[in-house]
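Q: Just passing along the structure, written as structure tokens.
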Amino acid sequence: MEYLLFVTWLIIFAWLITKIKFFTRTDLSKAQLISIFLLKVMAGIFYGWIGIYYGGLAQMQDTWSYHFNSIQEYHLLFNNPHEYFTNLFRDPYNTGVDKFFAGSDSYWNDLKGNVFVKILSVFNILSFGHYYVNIIFYSLLTLYGPIAIYRVMKDVFPGKKLSVLLATILVPSFLYWTSGLHKEGLIFTGISLVIYAIYFGTKEKKFGIRRVLSLLIGLLLLLVLRNFILAIIIPAVFAWLLANRYPKFGLGIFSSLYLIYIVLFFSIRYISPQLDLPQAVVNKQQDFISIKGGNSTIPTKELEPNVISFIKNTPQAINLSILRPNPGDVHHILSLAAAIEITVLVFLFVIFLLWRTNGIESKNLIYFCLFFSFSLLLAIGFSVNNIGAIVRYRSVVIPLLIVPMTALIDWKRLSAVFSNNIKNKNNTIKSE
């Protein structure tokens, strides 16, 4: 039964993505769209398989826990519909918004898992509770994220279609973590919808109903699935919008506003004690330190809620969120893959520094990608000490950094350099 359902829905959805205008307006062929969709499905299947056979070793049990909880919600829909439609809005802690950034005993912390389980329970209506059939539905839903980024970046980098497409889709950790049945796929979709709506809305000076709806859906996804990203993306969007009004001063506007944001981060608690943001980060770090993650846990210096402590811990945060895992962190297949990927991406960054092109028009979008991405990476580095969680959390910003870098590399000049080197070597060998 499961195999028949899987094949049936796979064929239906593969056909459907060739009809949805959001996908077809990419200039990608039907074969390319279907290939990307099938790639996500395959990655999602592999994700589920890893969760079964290497779940404990790679700390991957969450995906199946979500699935089993969603089956209970699915049965609840038919046995107690009132409870099914209301339990998402019930706060068992009676704390309201007081623990918006808390990592435990908080309605907002529980909401991310509860919403994701609820989404999976809706999938179960059509899949009859089969995990791998749900992957097909999730692949279609989360396909909006990479396609939205592809459409934006293709417009920013005309003539770089192939580079943009490959960098958007094929970075292994991004494909893996945003295709499996976990929150990352929807989180990246939320980020992408915000970027898509703002970019084309400001470029065309027209925010229609669809773009406003895309913006609201994107922000809502971030609110319910990982609310601290919402607190990071809103200041970045504000800086982006202001920079678009004064494009000649884009970098100065971003830099100045982020200096103001840093001051507010440490001082707003004196205005409203409930907004003690440094303490919220410290609490988040303590939550992760208290979790026993085996070989994936890295000893870290503990933060204190003051400026000096954050400055001292910044190198550690950068190392954790950007450069780890290194070869010494490799303990299983996923950490090995992540270590290899980091090495390749660092090498790609060196190539970018040596053979990059100039003359990009939409610099403010690039500034947004840089400031937003590094803010999120710093937040991860300050609060998370588990390699698996770090790799998963940062996957949602990888395309925002890799796509512009790949598109700005002068591949023709790089190819010419390597060709000349090969010719020179051949000539040297002949002369000898």
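Q: Computed from these coordinates, which is semi-axes √(5λ) of the Cα gyration tensor in Å: [x] 34, 29, 24; [y] 49, 36, 19; [z] 42, 27, 18?
A: [x]
Q: Continuing with the same structure: Once Lys and Arg get +1 and Asp and Glu get -1 on their Cβ, which of Ser256, Pro399, Asn358 lies farthest toward the positive end of the dipole of region 2-431?
A: Asn358
Q: Let me ask something additional. In nm, to one decimal, how far is the Ile311 label point from the Asp27 one, both placed 7 Å along Cα→Cβ?
A: With each label placed 7 Å out from Cα toward Cβ, I get 4.8 nm.
Q: What dipole magnitude, in Debye to the nearest 20, does the chain give about its Cα centre under +1 on Lys/Arg Cβ and -1 on Asp/Glu Cβ?
A: So the dipole magnitude of the chain works out to roughly 1720 debye.
Q: Something else about it: Compute the length gained on full extension between Glu304 and Gln279: take 0.36 nm times their separation in residues and subtract their Cα-Cα distance, giving the result in nm to one decimal.
A: 8.2 nm
Q: Sorting Phe68, Phe372 on the 10 Å Cβ count, fewest up front, what's the list?
A: So the ranking, lowest neighbour count to highest, is Phe68, Phe372.
Q: Now, a different point. Just to confirm my numbers, what's the Cα centroid distance between region 1-78 and region 208-280 in Å?
A: 32
Q: Rounded to the nearest 0.05, what FRET efficiency do Ile360 and Glu2 give with R0 = 60 Å and r taken as the Cβ-Cβ distance? Could you check?
A: According to the calculation, E is roughly 0.80.
Q: Amide H of Arg356: which non-local residues (sequence gap of 5 or more, or other chain) have their own amide H closer than 5 Å, using H built in the peptide plane?
A: Counting only residues 5 or more places away or on other chains, the set is Asp410.
Q: When a/c is below 1.5 the answer is rounded, else prolate if a/b is larger than b/c, else oblate, so apply that to region 1-142 with a ≥ b ≥ c taken from the square roots of the Cα gyration tensor eigenvalues.
A: Prolate shape, in that a/c is at least 1.5 and a/b is the bigger ratio.
Q: Test of understanding: what is the full-extension gain from Leu170 to Ala337, defined as 0.36 nm times their sequence separation minus their Cα-Cα distance?
A: 58.8 nm
Q: Helix-only mean residue ellipticity at 222 nm, the chain, DSSP H runs n ≥ 4 weighted -39,500 (n - 2.57), per residue, nearest 500. What is it?
A: The helix contribution divided over the chain gives -24000 deg cm²/dmol.
Q: Hand me the trypsin sites (Lys or Arg not before Pro) from region 170-258 located in a DSSP loop with no more than 12 other Cβ atoms within 10 Å, in residue order please.
A: Passing both the DSSP loop test and the Cβ count: Lys205, Lys206.
Q: Taking a ≥ b ≥ c as the square roots of the Cα gyration tensor eigenvalues, with a/c under 1.5 meaning rounded and otherwise prolate when a/b beats b/c, else oblate, which class fits region 134-242?
A: oblate
Q: Still on this structure, please answer the following. Fewest to most neighbouring Cβ within 10 Å: what's the order for Trp15, Trp108, Trp355, Trp177?
A: The fewest-first ordering by Cβ neighbours comes to Trp15, Trp355, Trp108, Trp177.
Q: If R0 is 51 Å, what FRET efficiency do you get for Leu414 and Ile11 from their C-beta distance, rounded to 0.05?
A: 0.75
Q: Residue by residue, what Karplus-based ³J(HN,Hα) values in Hz, rounded to whole numbers, does region 373-382 have, using 6.51, -1.76 and 1.60 with θ = phi - 60° and x for Gly and Pro?
A: 5, 6, 5, 5, 5, 5, 4, 5, x, 6
Q: Do the alpha carbons of any pairs in Lys154/Lys284; Lys112/Lys301; Lys19/Lys154; Lys99/Lys183; Lys154/Lys312 sit beyond 32 Å of each other, and which pairs?
A: The pairs that break the limit, which is 32 Å between Cα atoms, are Lys154/Lys284; Lys154/Lys312.
Q: Can you give me the C-alpha center-to-center distance between region 339-409 and region 107-161, rounded to a whole angstrom?
A: Result: 22 Å between the Cα centres.
Q: Got a sec? How would Tyr93, Tyr47, Tyr132 order by Cβ neighbour count within 10 Å, fewest to most?
A: Neighbour counts put them in this order, fewest first: Tyr93, Tyr132, Tyr47.
Q: Assign one of three labels to region 235-361, namely rounded, prolate or oblate, based on the Cα gyration tensor with a ≥ b ≥ c the square roots of its eigenvalues; rounded applies when a/c is under 1.5, prolate when it is not and a/b is larger than b/c, and oblate otherwise.
A: The shape class here is oblate.
Q: Which listed residue (Ile45, Phe157, Asn124) has the Cα farthest towards the positive end of the charge dipole for the chain, taking +1 on Lys and Arg C-beta and -1 on Asp and Glu C-beta about the Cα centre?
A: Toward the positive end, the furthest listed residue is Phe157.
Q: Next up: Taking θ = phi - 60°, what integer Hz values does the Karplus form 6.51 cos²θ - 1.76 cosθ + 1.60 yield along region 227-237, in sequence order, with x for Gly and Pro?
A: Ordered by residue, 3J(HN,Hα) equals 5, 5, 5, 4, 5, 8, 7, 4, x, 5, 5 Hz.
Every number here is computed from the coordinates shown, using simple stated rules; none is lab data. These numbers were taken from a predicted model, which means no experiment stands behind them. So basically every Cβ, Gly included, is an ideal-geometry build from the backbone, and we count neighbours across all protein chains shown.
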